[in-house]
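Below you'll find the structure, written out as structure tokens, and then a few comments.
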Amino acid sequence: MADVTSWEPPRMSDEDIEFLVGFDDDGLAQPTGPAPSPQPRARRRSARIVPLDLRAIEPEAVRWLWPGWLARGKLHILGGHPGDGKSTLAIAVAANLSTGGSWPDGGRAPLGRALIMPAEDGIADTVIPRLREHHADTARVAVATTMDDAGRERLIDLTRDISALEEVLVANQYDLLVIDPLTGYMPGSDRNAEGAVRDILTPLAAMADRTGTALLAIMHVGKPSGISRRPLQQLLGATAFGAVARLVWMTAPAPGETDGPERRALGVVKSNLAERPRALEWSRDRDAAIQWHGDASASIEALLRESGVEPKRLPRDDAREFLLDLLGDGEPLLATDIQEAARVEGIAWRTVRRAADGLPIAKRKVTNAGQAHYFWELTPTSVASLSTS
């Protein structure tokens with residue numbers, strides 16, 4: 001065996017060393033020149049604000065369908081209590097447009113087209129008869145409540161169906177869209193949350209602006225609470241409802257003795273577009289068209305204040321009356337539906353439950369597929385006594 005103690009590594013030339021340092025430990029070639037300078041990272045392109053040059057924008061006049069009342073491309077709200085005739089008033093407006101008839105203040109309506117979205121009234125037994133009572137041209141008025149979603153029918157949802165709604169408005173050149181009621185097409189939304197309401201109404205108002213369609217949305221108002229409450233504060237829900245709308249109409253009782261049906265007033269409580277017109281008086285016999293009676297005797301604000309002063313009542317009195325009205329036909333109702341109706345009326349659920357304890361209301365539990373449902377109904381004898389009285 002050779003003596004390794006005397007072994008010496010071979011001498012390498014400068015060229016050999018330069019060649020070897022050009023490889024890393026894995027035998028991959030390494031650059032032998034100076035290290036490249038780092039390249040700057042490409043900046044992500046972000047959205048930017050583009051100020052508008054106002055010199056390039058021509059001023060436009062408000063495009064009125066009904067001067068002072070109904071404007072193209074704007075969101076309007078019509079507020080009132082249940083039974084105040086809000087839906088009938090909206091149908092009267094749509095019918096007038098469909099024939100180019102006369103407005104209640106004497107002006108002339110343009111000939112137009114209307115789309116009605118009724119979430120509460122039946123189409124065959126309520127909407128169509130009312131249109132005929134007001135001599136509408138039903139070839140120029142349509143009704144829509146549902147979406148065809150991949151073969152499945154569902155209610156129109158303003159939180160996600162704005163684009164589909166806009167397509168229909170543009171394709172059919174509708175001048176008026178009636179949403180009755182507005183909250184009926186906001187499923188799952190918190191109607192008392194400012195942000196949630198604005199997230200729905202802002203795109204809706206923008207759609208109206210793009211299409212030039214006047215939007216008339218129906219809303220319920222709360223119970224009168226004295227003279228200190230402003231009209232817009234009576235709309236049930238967040239203040240954003242009244243804030244986003246450009247015009248807000250309201251109805252109120254019109255005082256005075258008449259031989260015919262009770263008279264009411266219709267007025268504008270908010271307008272961002274023009275001076276508010278005078279309130280108008282109207283009345284309606286059962287199953288008949290609205291009759292207009294000229295200017296109201298007072299402003300709509302004064303009439304609303306007057307209607308808000310009521311004798312002192314306990315909350316339980318309101319809850320008792322609410323339950324008798326709701327269950328008076330003898331049909332059982334889900335407790336959850338009663339609770340929602342009470343919320344809309346501004347009555348606390350605990351007050352409703354206490355009032356129910358003093359009424360002949362039967363409560364029963366029904367189990368279906370392992371899920372419990374609770375029903376409330378007036379007992380048959382109490383329904384009979386109510387009918388007699």
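The values are calculated or read from the model by the stated rules, or taken from the named source; none is laboratory data. No experiment lies behind these values; they were computed from the predicted model shown. Cβ placement follows ideal geometry from the backbone for every residue including glycine, while neighbour counts extend to all protein chains displayed.
Considering every residue within the stretch 279-293, establish whether at least one is assigned by TED's automatic domain parsing to the domain that holds Leu70, free of Cβ contacts under 8 Å to residues at least 24 places away in the same chain and either among the hydrophobic types (A, V, I, L, M, F, W, C) or farther than 28 Å from Arg132 by Cβ (or both).
Looking for residues that are assigned by TED's automatic domain parsing to the domain that holds Leu70, free of Cβ contacts under 8 Å to residues at least 24 places away in the same chain and either among the hydrophobic types (A, V, I, L, M, F, W, C) or farther than 28 Å from Arg132 by Cβ (or both), one finds none in the stretch 279-293, hence no.
Looking at (1) more than 30 Å from Ile218 (Cβ to Cβ); (2) at pLDDT below 85; (3) not in a helix (DSSP H, G or I), which one does Lys365 not meet, given that it meets all the others?
So Lys365 meets the others, but not (2).
Can you name the residue in the stretch 313-360 that is crowded, with 18+ Cβ neighbours inside 10 Å and more than 29 Å from the chain's Cα centre (by Cα) and is also farthest from Val221 (Cα to Cα) among such residues?
Ala356
So, in the stretch 45-99, exactly how many residues are among the acidic types (Asp, Glu) and either in contact (Cβ under 8 Å) with a residue 40 or more places away in the chain or buried (at least 24 other Cβ atoms within 10 Å of the Cβ) (or both)?
Residues meeting the conditions: 1.
Would you pick out the residues in the stretch 244-279 that are more than 22 Å from the chain's Cα centre (by Cα) and within 13 Å of Trp66 (Cα to Cα)?
Correct list: Ala274, Arg276, Pro277.
Residue under question is Ala171, and the condition is that it be in the same structural domain as Thr239 (by TED's automatic domain parsing), at pLDDT 95 or above and either surrounded by 19 or more Cβ atoms within 10 Å (Cβ to Cβ) or of a type in the set (Phe, Trp, Tyr) (or both); does it hold? It would help to see each step written out before you state the result.
Values: in the same structural domain as Thr239 (by TED's automatic domain parsing): yes; at pLDDT 95 or above: yes; either surrounded by 19 or more Cβ atoms within 10 Å (Cβ to Cβ) or of a type in the set (Phe, Trp, Tyr) (or both): no.
Spelling it out, it is not the case that Ala171 is in the same structural domain as Thr239 (by TED's automatic domain parsing), at pLDDT 95 or above and either surrounded by 19 or more Cβ atoms within 10 Å (Cβ to Cβ) or of a type in the set (Phe, Trp, Tyr) (or both).
Does the stretch 145-153 contain at least one residue that is touching a residue at least 24 places away in the same chain (Cβ under 8 Å), surrounded by fewer than 14 Cβ atoms within 10 Å (Cβ to Cβ), out of contact with any Lys or Arg (no Cβ under 8 Å at 6 or more places or on another chain) and part of a loop (DSSP other than H, G, I, E, B)?
no
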